[in-house]
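The values are calculated or read from the model by the stated rules, or taken from the named source; none is laboratory data. This one's a predicted model, so the numbers in the text were calculated from it and none came from an experiment. Glycine gets a Cβ as well: all are built from the backbone with ideal geometry, and neighbour counts include every protein chain shown. Accessible surface areas use protein heavy atoms only, side chains included; no ligands, DNA or RNA. Shrake-Rupley method; radii C 1.70, N 1.55, O 1.52, S 1.80 Å.
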Amino acid sequence: MLTVHHLRVSQSERIVWLCEELNIEYDLKLHRRDPLFSPQALKDLTEIGTAPVIQDGDLTMGESAACVEYIIHKHGSGRLALPPSHPAYANYLYWFHYANGSLQPGISRLLSLKSAGIDTSNDVFKRYTDRMDQYLQHIDDHLGRGNEWLAGKEFTAADIMTVFTLTTMRTFYGIDLSPYNNILPYLKRAVERPAYKRYREKGEDADFPLMIDGPAPENFIENVRRSMAK
Ligand SMILES: N[C@@H](CCC(=O)N[C@@H](CS)C(=O)NCC(=O)O)C(=O)O
């Protein structure tokens, strides 16, 4: 039986969402941040100690994209990935890798600079902010060319990889999506999917606000720090 370890409010939402989309059997283990990072039980599973983690027989593996590909091909009969023969294959591949190759590092860099107390007027901060705007504009332009999902007509794992950074991740670094007229309806379509709703319930993230509106959401890290200071 496949086991999925989900750290609440984290990238591992992708894996729970994927399993729900594929409608496969899996055992879900939930972890809470302690208070911001992984709890010891999750740290003990891999050398890096981050979420997601999946276990399947003797295998224990992290990294969202690896987990997604493994589950699709070992448990999902290839569903939600496009094969090389598909006309949208290159699009699928590109956006699948863009998620954790460009978009997520883009916002993580900004989060690191902010956490280190570097001022937004700093040149490096400005350069990375411009780059992040470029990353977002690129998605927005692509969706605006009549693409309902990132690979085109079909919802795929490329969407599952991407939505986290455009929603939940914004509570760690508050990007304003108001200028992006195509991203906002795309996010609405994504969170309306029954499998996404099931992930929110089963993953115990349902009490966390859906971050699909334009203005930057409330800052989760500051909320945790404030509650720790009490
Ligand atoms: N590239 C990795 C990143 C994993 C990662 O940084 N996960 C975060 C959750 S968003 C985490 O586990 N943070 C807790 C910690 O670092 O202790 C992936 O996609 O799996």
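Matching residues to (1) free of Cβ contacts under 8 Å to residues at least 24 places away in the same chain; (2) hydrophobic (A, V, I, L, M, F, W, C):
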{"position": "Phe96", "(1), (2)": "no, yes"}
{"position": "Lys114", "(1), (2)": "no, no"}
{"position": "Gly117", "(1), (2)": "yes, no"}
{"position": "Asp140", "(1), (2)": "no, no"}
{"position": "Glu148", "(1), (2)": "no, no"}
{"position": "Gly152", "(1), (2)": "no, no"}
Item to check | Filtered residues of segment 207-228 (kept if without any contact (Cβ under 8 Å) to a residue 40 or more places away in the chain and open to solvent by less than 30 Å² (accessible area, probe 1.4 Å)) | outcome: Gly214
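Given the structure, is Gly117 more than 18 Å from Thr167 (Cα to Cα) and touching a Pro at 6+ places or on another chain (Cβ under 9 Å)? Steps first, please.
On the way: more than 18 Å from Thr167 (Cα to Cα): yes; touching a Pro at 6+ places or on another chain (Cβ under 9 Å): no.
It is false that Gly117 is more than 18 Å from Thr167 (Cα to Cα) and touching a Pro at 6+ places or on another chain (Cβ under 9 Å).
Looking at the structure I just gave you, is Pro83 within 13 Å of the ligand (Cβ to nearest atom) and either surrounded by fewer than 19 Cβ atoms within 10 Å (Cβ to Cβ) or among the aliphatic types (A, V, I, L, M) (or both)? Break it down stepwise before answering.
Details: within 13 Å of the ligand (Cβ to nearest atom): no; either surrounded by fewer than 19 Cβ atoms within 10 Å (Cβ to Cβ) or among the aliphatic types (A, V, I, L, M) (or both): yes.
Judged against the criteria, Pro83 is not a match.
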Next on the checklist: Being surrounded by fewer than 16 Cβ atoms within 10 Å (Cβ to Cβ), under 19 Å from the mean Cα position of the chain (by Cα) and closer than 30 Å to His138 by Cα is the requirement here; does Ala99 meet it?
Outcome noted: no
Checklist entry - Across segment 162-182, what is the number of residues that are surrounded by 21 or more Cβ atoms within 10 Å (Cβ to Cβ) and assigned to a helix (DSSP H, G or I)? => result 8
Checklist entry - From the residues in segment 45-69 that are more than 10 Å from the ligand (Cβ to nearest atom) and within 17 Å of the chain's Cα centre (by Cα), which one is surrounded by the fewest Cβ atoms within 10 Å (Cβ to Cβ)? => result Glu69
Checklist outcome for this item: Matching residues in segment 197-230 (acidic (Asp, Glu), more than 18 Å from Ser112 (Cα to Cα) and assigned to a loop (DSSP other than H, G, I, E, B)) number 4
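Against the condition among the acidic types (Asp, Glu), closer than 20 Å to Ser64 by Cα and in a helix (DSSP H, G or I), how does Asp159 come out, does it pass?
Values: among the acidic types (Asp, Glu): yes; closer than 20 Å to Ser64 by Cα: yes; in a helix (DSSP H, G or I): yes.
It is true that Asp159 is among the acidic types (Asp, Glu), closer than 20 Å to Ser64 by Cα and in a helix (DSSP H, G or I).
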Checklist outcome for this item: Residues of segment 15-44 being under 20 Å from Ser108 (Cα atoms), in contact with a helix residue (DSSP H, G or I) (Cβ under 9 Å, 6 or more places away or on another chain) and either free of Cβ contacts under 8 Å to residues at least 60 places away in the same chain or more than 8 Å from the ligand (Cβ to nearest atom) (or both), in sequence order, are Ile15, Asp34, Pro35, Phe37
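Can you pull out every residue in segment 117-132 that is under 29 Å from Ala66 (Cβ atoms) and open to solvent by 30 Å² or more (accessible area, probe 1.4 Å)? I'd like the intermediate steps shown before the answer.
Step one: list which residues in segment 117-132 are under 29 Å from Ala66 (Cβ atoms), which gives 128, 131-132.
Those that are under 29 Å from Ala66 (Cβ atoms) and open to solvent by 30 Å² or more (accessible area, probe 1.4 Å): Tyr128, Arg131.
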